[in-house]
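Before any comments, here is the structure.
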Amino acid sequence: MPNQEHDLIVIGAGPGGYVAAIRGAQLGLNVACVEQDPVLGGTCLRIGCIPSKALLESSDRFYEARERFAIHGIHPTEVTLDLPAMMRRKEQVVTTLTRGVEALLKKNKITRYLGRGRIKGLGRVNVMNSEQVTELKAKHIIIATGSKPATLPGIELDSAYIGTSTEALSFPEVPRHLVVIGGGYIGLELGTVWRRLGAKVTVLEFLDRILNGMDSEIVSEARKVFAKQGLEFRLGTKVSAAKVQNGSCVVDVVGGEPIHCDRVLLAVGRTPNTEHLGLEEVGIVLHKKGYIPVNAKFATIAEGIYAIGDAIAGPMLAHKAEEEGVACVEQIVTGYGHVNYDAIPAVVYTDPEIASVGQTEEQLKEAGIDYRKGSFPFRANGRARTLGQVDGFVKVLAHANTDRILGVHILGPHAGDLINEAGAAIAFGATSEDLARTCHVHPTLGEGMREAAMAVSGRAIHI
Ligand SMILES: Cc1cc2nc3c(=O)[nH]c(=O)nc-3n(C[C@H](O)[C@H](O)[C@H](O)COP(=O)(O)OP(=O)(O)OC[C@H]3O[C@@H](n4cnc5c(N)ncnc54)[C@H](O)[C@@H]3O)c2cc1C
């Protein structure tokens, strides 16, 4: 059994794991990164953020060319879909980026182990692949094993017709009717892709709203826009079963007629990937939701063993995993390093995009925090007019006494890029006055952010 010694072993090479490994190497550690998949980058690069955004981009081009070019005076004679070519482009984007991660690990002299990592005791990890078991030793171990799609009782996943986001990223043809179970961001993004490419899309959601946890004013406006795009929503709908029958799918809902369709996407959230890791060998007991309990330094109760990313509590987002990767390693090496969870944005890449950072109005009300609110609609923004994308608005929430920005929520074009300014404002403890007095380039969508900040004190100019 080959035996290797390192300072730090990172299990998992997703955005949490590979970023932690690189930061460790930068800080002078001899780092090992254990990944079971031959392709690096984790869920995010292989079957998550990147392929979904590549398809959102391609499907948007197709939809634009068909439906929106005419208003610009452009009349393409024929717009046809070459789905295999669209999928090949997506794969190329993924390959370029995953190879980039490979190059970064090499550049930082990180030793890569291909195989399944399992903790064998404090400071010990075994890596198993079809050829051998390698025993690794290190003072520090970071678990960054990510998450997997959650399942529902009664849903018979067959990886062809009834599948998860992984299958919906690679359908071989455009479904006639796609039923999406779950109105969260993954279901809405992939539902949007296939809707734009021509599928009828029905979203079934157990709750009486979509995008649970996001600001409800923004979400209810978004739902109206999505409905205009043809996404059909059935809220308060409990799915009891889904199966393939005579070559088509049947989805049973409680108290309603079964729905017949040709594809089902199960998108009811994700669960931490924390099984079969040998945690019991070192006394780590999982939370009942499956994640690994850690303290503010990402340390588990087992000495020298840490966990980050989707494997621990908190929003399952790639940039959150990256933040934790960096902070965890900095804690280990320098004793400092932290994540500001109030300043972690979240984005839904629909059209328009939805982006938010900080607290929602509901959260502020529930916490009894007095706040003032300023909103500004994109229909009053010059740049949005030139883009022809005027749906949505920016909302800034600031503390009633201190004026400190507590939350920013955006529905609108490029909301995902705009939100970074709001994240920086919250991270620096900025007030709405600070944002309102910051000169913003004209004509840009960012001016909408400034106007919303001005609206907090009732002095937006263009509305
Ligand atoms: C369709 C989809 C779209 C998404 N879009 C976005 C988005 O736009 N923005 C965003 O921020 N987030 C998005 N996410 C979520 C994002 O992908 C995750 O939050 C992120 O990848 C978590 O990073 P991680 O490093 O914790 O885990 P992961 O990326 O899941 O990586 C964990 C890695 O660990 C490996 N592993 C697991 N167990 C072992 C083991 N025992 N031994 C060795 N290796 C192991 C896995 O193979 C995997 O490569 C999306 C997810 C999906 C599914």
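So here's what we get for this one:
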read-out	value
Qualifying residue in the stretch 312-333 (condition: more than 16 Å from the ligand (Cβ to nearest atom), in contact (Cβ under 8 Å) with a residue 40 or more places away in the chain and farther than 24 Å from residue 273 by Cβ)	yes
Scope the stretch 148-165; condition touching a residue at least 40 places away in the same chain (Cβ under 8 Å) and open to solvent by 50 Å² or more (accessible area, probe 1.4 Å); matching residues	148, 151, 152, 156, 157, 158, 161
Residue satisfying all of: in the stretch 318-355; in a loop (DSSP other than H, G, I, E, B) and within 25 Å of residue 52 (Cα to Cα); most open to solvent (accessible area, probe 1.4 Å) among these	349
The stretch 238-263, residues that are under 16 Å from residue 207 (Cβ atoms), open to solvent by 60 Å² or more (accessible area, probe 1.4 Å) and in contact (Cβ under 8 Å) with a residue 24 or more places away in the chain	238
Every residue from the stretch 370-390 that is in contact with a Leu (Cβ under 7 Å, 6 or more places away or on another chain) and farther than 12 Å from residue 445 by Cα	371, 373
Cβ pairs under 7 Å, 6+ apart, first in the stretch 183-198 and among the hydrophobic types (A, V, I, L, M, F, W, C) and open to solvent by less than 10 Å² (accessible area, probe 1.4 Å), second assigned to a helix (DSSP H, G or I) and near the ligand (Cβ under 10 Å from one of its atoms)	190/52; 190/165; 190/168; 193/55; 193/56
Single match in 332, 344, 305 (criterion: among the β-branched types (Val, Ile, Thr) and touching a Pro at 6+ places or on another chain (Cβ under 9 Å))	344
Meets criteria (closer than 16 Å to residue 56 by Cβ, of a type in the set (A, V, I, L, M) and touching a Leu at 6+ places or on another chain (Cβ under 6 Å)) for residue 201	yes
Subset of the stretch 100-117 (residues that are open to solvent by less than 60 Å² (accessible area, probe 1.4 Å), touching a strand residue (DSSP E or B) at 6+ places or on another chain (Cβ under 6 Å) and either within 14 Å of the ligand (Cβ to nearest atom) or polar (S, T, N, Q) (or both))	105, 111, 113, 115, 117
Residue check for residue 243: in a helix (DSSP H, G or I) and among the basic types (Lys, Arg)	no
Subset tally (residues that are more than 19 Å from residue 297 (Cβ to Cβ), within 11 Å of the ligand (Cβ to nearest atom) and either in a helix (DSSP H, G or I) or among the aliphatic types (A, V, I, L, M) (or both)) for the stretch 14-31	2
Complete set of residues in the stretch 414-425 that are open to solvent by 20 Å² or more (accessible area, probe 1.4 Å) and either closer than 13 Å to residue 355 by Cβ or under 18 Å from the mean Cα position of the chain (by Cα) (or both)	414, 417, 418, 420, 421
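The values are calculated or read from the model by the stated rules, or taken from the named source; none is laboratory data. Only a predicted model underlies this, so the values are computations on that prediction, with no experimental measurement involved. Reconstructed Cβ throughout: ideal geometry from the backbone, glycine too, with neighbour counts over all protein chains shown. Accessible surface is based on the protein model in full, side chains and every heavy atom, while ligands, DNA and RNA are left aside. Shrake-Rupley method; radii C 1.70, N 1.55, O 1.52, S 1.80 Å.
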